[in-house]
1. Using the crude model of +1 on Lys and Arg Cβ and -1 on Asp and Glu Cβ, and no other charge, please compute the dipole size for the chain relative to its Cα centre, in debye to 20.
2. Lone cysteines in the chain, going by a 4.7 Å Cβ-Cβ cut-off?
3. Accessible area of the stretch 31-148 with a 1.4 Å probe: how many percent of it is carbon plus sulfur?
4. Projecting each Cα onto the charge dipole of the chain (Lys/Arg +1, Asp/Glu -1 at the beta carbon, about the Cα centre), which of 142, 46, 127 comes out farthest on the positive side?
5. Report the net charge of residues surrounding residue 35, where surrounding means a beta-carbon distance below 13 angstrom and charges are Lys +1, Arg +1, Asp -1, Glu -1.
6. Give the relative contact order (percent, whole number) for the chain; include only Cα pairs under 8 Å separated by 6+ residues.
7. What residues have an amide H closer than 5 Å to that of residue 59, excluding those fewer than 5 places away on the same chain, when H is modeled at 1.01 Å from N in the peptide plane?
8. Using the Karplus curve 6.51 cos²θ - 1.76 cosθ + 1.60 with θ = phi - 60°, work out ³J(HN,Hα) for each residue of the stretch 89-94 in order, rounded to whole Hz, and write x for Gly and Pro.
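The values are calculated or read from the model by the stated rules, or taken from the named source; none is laboratory data. These numbers come from a predicted model, not from an experiment. We place every Cβ from the backbone using ideal geometry, glycine too, and count neighbours over all the protein chains shown. Only protein heavy atoms, including side chains, enter the accessible area calculation; ligands, DNA and RNA are left aside. Shrake-Rupley method; radii C 1.70, N 1.55, O 1.52, S 1.80 Å.
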Amino acid sequence: MPGGSGSYLYSIDGGLTWISDPIFNNLAPGTYTLMIQDQNGCESTMPNITVSEPGPFSVDAGEDRQIEASNDFITLELAISVPVEEIVSIVWTEDGNVICSGGVDQCFIIEVDPDGAATYCATVTDINGCVSEDCVFIRERVVKDVYI
């Protein structure tokens, strides 16, 4: 606030309540008027601040599948409904145990080697704090030759 002094207080409810933190969490979509007050009681107003509802956020770890048993790794890659720049963290688990935890660079695509059968779940958090999860079940099929 130009010309203000000291610490500031902030209000988005017309001055009924004031807080010292300029970050307002969990706001419903809508238009707000931000009021700023300095330590001398001088106020400034910023009208028509619009908070829009984030679009749908979903993650897809792929279809369940059955593969032939081998020593090869299987690649799992996520499909997400938001730009990858909006992803904050990804956590992959194998049957409940964390196997990858990090950002897009570390965990967007992973290599796995199921031992018989395993469920792989990806939990993805975006910049808005929204969380989406999807799981994929992979079963190895052992092919044995039978001779009669």
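1. For the chain, the charge dipole is close to 400 debye.
2. 42, 130, each lacking another Cys Cβ under 4.7 Å.
3. Numbers: 3600 of 7570 Å².
After summing per-atom areas, the C and S share lands at 48 percent.
4. Of the listed residues, the answer is 46.
5. Here the charged neighbours net out to -3.
6. Worked out over the chain, it gives 20 percent.
7. Amide H neighbours of residue 59, under 5 Å, 5+ apart: 133.
8. 8, 9, 10, 9, 10, 10
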